[in-house]
Amino acid sequence: MVRAALYARYSSDNQRAESITAQLRAAREYCKRKEYVIVEEYVDEALTGTNDDRESFQRMIDDAKAGLFDVIVFHKVDRNARNECDYYIHRAQLQKHGVRYEYAAQNIDDSPEGQMMEGLLVSMAAYYSRNLAKEVIKGMKENAYKCLHTGGIPPLGYDVGPDKKYVINEQEAAAVRLIFSMRAAGENYKVILDALNERGYRTKTGRTFGKNSLNEILRNRKYVGIYTFGRVAGGRQTRKSSHVDSDAMIQIPGGIPAIVPQEIWDTVHNRIATQKRTGRSTAK
């Protein structure tokens, strides 16, 4: 008796929950033809295959290592993974435990031709994902050149209008102006945080302000009307709060409504630069 586990996944790129049903149906029919006994089904919804950080996928891997089944049936290779390293690392690990991969809609066997086909399909799945990411970034850059919101939560003090342009949220903007005016006057972070809390101001996500949120606000050039888009230098390995410009960063002066006057911004950043040179904390 061959014990089988089924795995189905869909991501957010033009796919819907209904695809899970179709994947499982095909996998069940495949197991019926092969006379496999299905012992478990695993599903991850709206999760990318570019990494293995998927709850059900990880649970499936652990169950496989525990010997709960002999084969994992996917609909196609791209439902397993869109990353070559993850694909082959997990396959090698499971082979040591006597567990193999099979695909309901792709005929991949142990022959040299079958292994070559598997390699091609894995590479194609990875290529599709990387190319899609590239096209998404290209589209976001085009929107950035038009000074449009490209996704995520807008900074405190701004909302996004129907045309995807930034508009000032006056209630939140009052908190931003208070932060800059107090910092320009030389007040330290503790005094500013106390003032914000006393007035009942909150961050964009509804939390109380902390030193990190003040740092982010005081360094965000959008507040003087400079539209910015792009990662900081160092890419994904660099913290966003480092505020180090990347050559690929798009910056458009006047591309967004200003909340803070330029002279107040300059005063604050002259103070920050002076404190950096003298080694004093900006929080003091």
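The values are calculated or read from the model by the stated rules, or taken from the named source; none is laboratory data. Being a predicted model, the structure only gives us computed values, none of them experimental. Quick reminder, even Gly has a Cβ in these numbers, built from the backbone with ideal geometry, and neighbours come from all protein chains shown. Accessible surface is based on the protein model in full, side chains and every heavy atom, while ligands, DNA and RNA are left aside. Shrake-Rupley method; radii C 1.70, N 1.55, O 1.52, S 1.80 Å.
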Checklist entry - So which residues in the range 192-210 are surrounded by 14 or more Cβ atoms within 10 Å (Cβ to Cβ) and under 25 Å from the mean Cα position of the chain (by Cα), if there are any at all? => result Arg202, Thr203, Lys204, Phe209
Next on the checklist: With the requirement that a residue be loosely packed, with under 14 Cβ neighbours inside 10 Å and outside any helix (DSSP H, G or I), what does the range 51-78 give you?
Outcome noted: Asn51, Asp53, Ala66, Gly67
Checklist entry - Within the set of pairs 6 or more residues apart or between chains, which connect a residue that is within 26 Å of Tyr227 (Cα to Cα) inside the range 167-194 to a residue that is acidic (Asp, Glu) with Cβ atoms less than 8 Å apart? => result Val167/Asp159; Ile168/Asp159; Asn169/Asp159
Next on the checklist: Between Asn131, Asn143, which is in contact with a His (Cβ under 9 Å, 6 or more places away or on another chain), part of a helix (DSSP H, G or I) and at pLDDT below 90?
Outcome noted: Asn143
Checklist entry - Do we find a residue being within 21 Å of Ala27 (Cβ to Cβ) and open to solvent by less than 50 Å² (accessible area, probe 1.4 Å) anywhere in the range 137-145? => result no
Checklist entry - If we keep just the residues of the range 158-174 that are among the acidic types (Asp, Glu) and at pLDDT 95 or above, which is surrounded by the most Cβ atoms within 10 Å (Cβ to Cβ)? => result Glu172
Next on the checklist: Scan the range 115-128 and tell me whether some residue there is closer than 20 Å to Val224 by Cβ, of a type in the set (Gly, Ala, Ser) and either in a helix (DSSP H, G or I) or in contact with an Asp or Glu (Cβ under 8 Å, 6 or more places away or on another chain) (or both).
Outcome noted: no
Checklist entry - Taking Tyr103, is it touching a residue at least 24 places away in the same chain (Cβ under 8 Å), open to solvent by less than 20 Å² (accessible area, probe 1.4 Å) and of a type in the set (Ser, Thr, Tyr)? => result yes
Item to check | Residue in the range 140-159 that is touching a Pro at 6+ places or on another chain (Cβ under 7 Å) and not small (Gly, Ala, Ser) present | outcome: no
Checklist entry - Any idea which of (1) of a type in the set (Phe, Trp, Tyr); (2) open to solvent by 60 Å² or more (accessible area, probe 1.4 Å); (3) more than 22 Å from Pro253 (Cβ to Cβ) is the one Tyr189 doesn't satisfy? => result (2)
